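Taking it in order: structure first as C-alpha cells, then the write-up.
The values are calculated or read from the model by the stated rules, or taken from the named source; none is laboratory data. Everything numeric here is computed off the predicted structure, so don't read it as measured data. Glycine gets a Cβ as well: all are built from the backbone with ideal geometry, and neighbour counts include every protein chain shown. What goes into the accessible areas is simple: the full protein's heavy atoms, side chains included, and nothing from ligands, DNA or RNA. Shrake-Rupley method; radii C 1.70, N 1.55, O 1.52, S 1.80 Å.
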Amino acid sequence: MMSSGNSGMHGWPTPLRRLWEAIVREFTPPPKPRPAPSEEQLAEGQLAVGVIDDAIEDGPGCDVQGPDMLIISADAPGHGILHRRVPCPLSMPGSGRNLVGQTITFRHTTLDPHFVNDVLVVRWPDEVKRALEPFRPTGPGALRARAWRFLAGCSGVIAVGGILLTMVMLIGVIFTGGELFADLPAWFHPGIALMASVGAAVLGLFAFSICESHGWRVLSEGQQ
C-alpha cells in the first residue's frame, strides 16, 4: 500500500509530499519490539513535564532486588497522555515509593502515548538530586559547603548525645528515684543535668537543620 501511495504522489508539490510522508511516518505502526531511541536522538527531543504515578519493585522471585521502576505520565496537548517508565536512580529497593506524586522533566522523540522507553530524564525531583550529590562537593562554593556540613555533623553529634543522656536521666529519675546517681559527686544535680540534656538535644537538632540548609543553599548558588 505504501508503494502504490508513493507512486501517486509524484505529481504532488514538494511541501505537501513531505507533509504526507511525515504523517505516514508518525502513524505507521512501529516494528515490534520497537528499538529504543539513542541518547543523541533523545537529547534533541521534545521536553515534557510529567508526574511519577507509581514505583514498581522487582518481583519477589528475584534473588537480588534492583532499583524500582518509575511509571511516569505527562500531558501532551493535542496528543493525549504520554506514558513512560525509567529505572529509579536510587538503588535501595522501595525508595521509588517516596517519589510518587512528584514532578519529573524528560525528553522524548515521539508522541506515541505507549512508547515507554522513549524517555531521557533531564530533571529529577529534589529528593533524588540531594541523594545523588557527591559526599564531598566540588566546584564553586564547595569549601563553604564542606564547612557547613562539618558544623551540621557536630550539631548532629550533640543532638544524639543529648537525646541519649536525656533517656538515661529520665530512667534514673523516674524508675530509680535518683538512686542511679547516688555514687556521683555531690555537685551533680540530676534536675540540672536533665534540663541540660534536653536543651542539647533541642539546640543540636535546630543547629543541624540550619547548617544543612545553608550547605545545600551554598551548593545550589554555586551551580547557578
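Consider the stretch 163-179 and keep the residues that are at pLDDT 85 or above and surrounded by fewer than 16 Cβ atoms within 10 Å (Cβ to Cβ). The one that is farthest from the chain's Cα centre (by Cα) is Met167.
This table checks each residue for (1) among the hydrophobic types (A, V, I, L, M, F, W, C); (2) more than 22 Å from the chain's Cα centre (by Cα); (3) at pLDDT 75 or above; (4) within 26 Å of Ser91 (Cβ to Cβ).
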site	(1), (2), (3), (4)
Gly5	no, yes, no, no
Trp20	yes, yes, no, no
Val24	yes, yes, no, no
Val49	yes, no, yes, yes
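Filtering Ser197, Ser220, Ser209 for residues that are open to solvent by 40 Å² or more (accessible area, probe 1.4 Å), at pLDDT 85 or above and small (Gly, Ala, Ser) leaves a single hit, Ser209.
Comparison of Leu111, Leu70, Leu82, Leu90 shows that the only residue that is surrounded by fewer than 17 Cβ atoms within 10 Å (Cβ to Cβ) and hydrophobic (A, V, I, L, M, F, W, C) is Leu111. A single entry from Pro113, Pro87 fulfils the requirement of being under 26 Å from Glu40 (Cβ atoms), under 12 Å from the mean Cα position of the chain (by Cα) and at pLDDT 90 or above: Pro87.
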